[in-house]
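Visitor: What follows is a structure written as structure tokens; I'll ask about it next.
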């Protein structure tokens, strides 16, 4: 059995620690924004704000084409220079951003009442402006991730929540409404994009470094990325379908209550998100050292699952008083869906780690196959249960979907790696202090 040094755990742990610190900071900033918006705008305004951002964030996911994951994969394998990646990314963005804006404009002018009932059109137009910004940012920031330069990467990712919180506080404390909150989100994303460009400038200047020509890389990245992309689209739908359907089948106020349960429980993903950010380029780098990869992934998966479970227990015990203290009596109905969501949220933290291992093996399409099943379960479950039991029905459907997702990823991982299916969950007794 390899030592921590041989597995590269020292460097990996350092990168995870930096990224986790950034995730915690971002979570606090985002929580501050959520609290300000929820308290200032009430359940209905909070629901309008959240629903307004669904279309641009969905478009950013839909038209990403998996270019971000492809950047990490190819740069992590050291087969292409960062400047080549950046140029190819900008070319793709120049085509996809106008296309997305055109599609969104048509939807908002023809299907607004059907898709976004109770949400004023002006909120949707301002929110749409965030789409081209977030799309390009999602490309460029992954160049830093693929380079495993997590100092600059984490700074770039922190800019958006930090600037957004400052602006939300400034606008809402002066009596601003939903439009001010959406505008704050837009400006925060513009600041993040500018910051990322400045951090990347030294790499963009290294055009003398060898690398594939941009057209060749562009085709290679799309071939890999499209497989990851299909999975990412369905994952996004899986994450957001409950909020959309609560608003669609109930009211913006109900969506405003439910989104608080989602926001609080998803804070438990901080660790798995930090680990996923770091582990994908590392596992891609280990493509010639399979034995090491077979040890590393289950080790990390077990630690992530155990620590997320402990966090879930703490959140469950503190949730009633936490909701009252942070959001007030208007959001006390958040408690029941929050508790129902917890098991699924915990299991999805494990699923995320295994999905990164699968993608690093060059098989991201397997994550897509799993996501198809999970989305169908979630959508059908929401449609059936929301009319019966309200927002708690959305929570039940989501937890069932996340549980199925974890089971499918465990089966796929075991098949690909040759490890027993239970290894990501527990390890037989070993003398190594590395294994929980």
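Here, each number is a calculation from the coordinates, and none is a lab measurement. Only a predicted model underlies this, so the values are computations on that prediction, with no experimental measurement involved. Note: ideal-geometry Cβ built from the backbone for every residue, glycine included; neighbour counts use all protein chains shown.
Visitor: Over all alpha-carbon pairs of the chain, lay out the pair-distance distribution in 20 Å bins, whole %, shortest bin first.
Guide: Bins of 20 Å from zero give 25, 60, 15, 0 percent of pairs.
Visitor: Let me know the whole percent of all Cα-Cα pairs from segment 308-436 that are separated by more than 27 Å.
Guide: That tail contains 33 percent of the Cα-Cα pairs.
Visitor: Then there is this: Order the peptides 294-305, 45-56, 320-331, 75-86 from the highest to the lowest mean number of other Cβ atoms within 10 Å of their residues.
Guide: On the way: 294-305: 21.9, 45-56: 25.2, 320-331: 15.1, 75-86: 20.4.
Taking the mean over residues of other Cβ atoms within 10 Å, the ranking is 45-56, 294-305, 75-86, 320-331.
Visitor: In what sequence do 422, 239, 413 fall when counting other Cβ within 10 Å, fewest first?
Guide: Values: 422 12, 239 19, 413 26.
Ordered from fewest to most neighbouring Cβ atoms within 10 Å, 422, 239, 413 come out as 422, 239, 413.
Visitor: Continuing with this model, one more query. Most exposed first by the Cβ proxy, i.e. fewest other Cβ within 10 Å, how do 333, 357 rank? Mind dumping the intermediate values first?
Guide: Working: 333 19, 357 26.
Fewest to most other Cβ atoms nearby, the residues stand as 333, 357.
Visitor: At 222 nm, what value in deg cm²/dmol follows for the chain if DSSP H runs of at least 4 each add -39500 (n - 2.57) and the sum is divided by all its residues, to the nearest 500? Mind dumping the intermediate values first?
Guide: On the way: 16 runs with 354 residues, N = 436.
Mean residue ellipticity, 222 nm, calculated: -28500 deg cm²/dmol.
Visitor: Taking neighbour Cβ counts within 10 Å as the exposure measure, how do 149, 113, 242 sort from fewest upward? Walk me through the numbers on the way to the answer.
Guide: On the way: 149 17, 113 10, 242 30.
In increasing order of surrounding Cβ atoms, one gets 113, 149, 242.
Visitor: While we're here: Can you pull the one-decimal nm distance between simple spin-label points at residue 170 and residue 90, each 7 Å off the Cα toward Cβ?
Guide: Distance between label points: 2.9 nm.
Visitor: Something else now. Using just the alpha carbons, could you tell me how many Å³ per residue the convex hull of segment 95-201 encloses? Walk me through the intermediate numbers first.
Guide: On the way: hull volume 10.9 nm³, N = 107.
Given the Cα convex hull of segment 95-201, per-residue volume reads 102 Å³.
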